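Coordinate-derived values only; no laboratory data. Remember, it's a predicted structure, so these values are computed and weren't measured experimentally. Cβ placement follows ideal geometry from the backbone for every residue including glycine, while neighbour counts extend to all protein chains displayed.
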């Protein structure tokens, strides 16, 4: 592939991407806090099943997955586009961390809520999606975008009883929607990772990465959000146990429970 005109971008982290990831994590925290309030009987029952909360959950998950794809291009796609190769060692190191965290979430939720445990949630989707998306780093950005839109929109058309067995529920193409506290199947959510990869390829091809990397975002709130965004996996694993412990303590002290 030919070089883009984005030679001004020297690689490395982009503050705006870390900031966006931090904002998504704060939005996720607010969503989970509302979920906790319903669990303790403070928020109205079935509030989390309302249309607004369902849409919020999908927007938050979608933003994470889009950023996963965009970051995947920054980490590996630029080198591939310039005739290099995927940086396998850091890729597998990060993948192992995500897989371990996903397994921890599955085990913990199986113990806490066995009737709705998380067997293919956001971390599982990121792990599998990151592996599947590697092949698309070798394709033109527009073709990756077309594939992403197809995955995002064709779920209802492709659903079939052939994939109704639980072993296929991760695909999202069975006619059954399983009960789970976090269900992020390949169809349609992998499409958002592909759109993120395509956006990264488009930005590189059209010389936009240097512009994205230019803002330093050094004020205190931005630094905090960027810090959270840089340590997203740790934050994701820690935020809910910490929040539950604080909320339970407050409710216990106040005599609510």
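Miscellaneous remarks
- Potential extension, residue 37-residue 210 segment - 0.36 nm per residue separation minus Cα distance: 58.0 nm
- Which of 138, 111 has the fewest Cβ neighbours within 10 Å, and the rest in rising order: 111, 138
- The stretch 15-253: relative contact order as a whole-number percent, Cα under 8 Å and 6+ apart: 32 percent
- Here 169, 252, 110 are placed in order of increasing Cβ neighbour count within 10 Å, fewest first, which gives 252, 110, 169.
- Based on Cα contacts under 8 Å between residues 6+ apart, the stretch 47-132 shows a relative contact order of 26 percent.
- Most mobile listed residue (90, 140, 44) in the chain, GNM with C-alpha springs under 10 Å: 44
- Between helix 141-153 and the chain there is an angle of about 20 degrees, using the helix long axis and the longest principal axis of the Cα atoms.
- Rounded, prolate or oblate (a/c below 1.5 giving rounded, otherwise prolate when a/b exceeds b/c) for the stretch 173-257 by Cα gyration tensor: oblate
- Taking 0.36 nm per residue of sequence separation and removing the Cα-Cα distance, the residue 112/residue 154 pair yields an extension gain of 11.7 nm.
- Label point distance in nm, residue 177-residue 248, each placed 7 Å from Cα along Cα→Cβ: 3.0 nm
- Alpha-carbon centroid distance for the pair the stretch 120-144 / the stretch 167-186, whole angstrom: 18 Å
- For the chain, the longest principal axis of the Cα atoms and the long axis of helix 122-133 meet at an angle of about 20 degrees.
- The stretch 218-232-the stretch 71-98 distance, computed between alpha-carbon centres (Å): 23 Å
- Stretchable slack from residue 132 to residue 100, in nm (0.36 nm times residue separation minus alpha-carbon distance): 9.7 nm
- A value for semi-axes √(5λ) of the Cα gyration tensor in Å was derived from the coordinates, and within the list (i) 33, 24, 15; (ii) 27, 23, 18; (iii) 57, 45, 17 it appears as (i).
- Between helix 51-72 and the chain there is an angle of about 30 degrees, using the helix long axis and the longest principal axis of the Cα atoms.
- The ranking of 218, 36 by Cβ neighbour count inside 10 Å, starting from the fewest, reads 218, 36.
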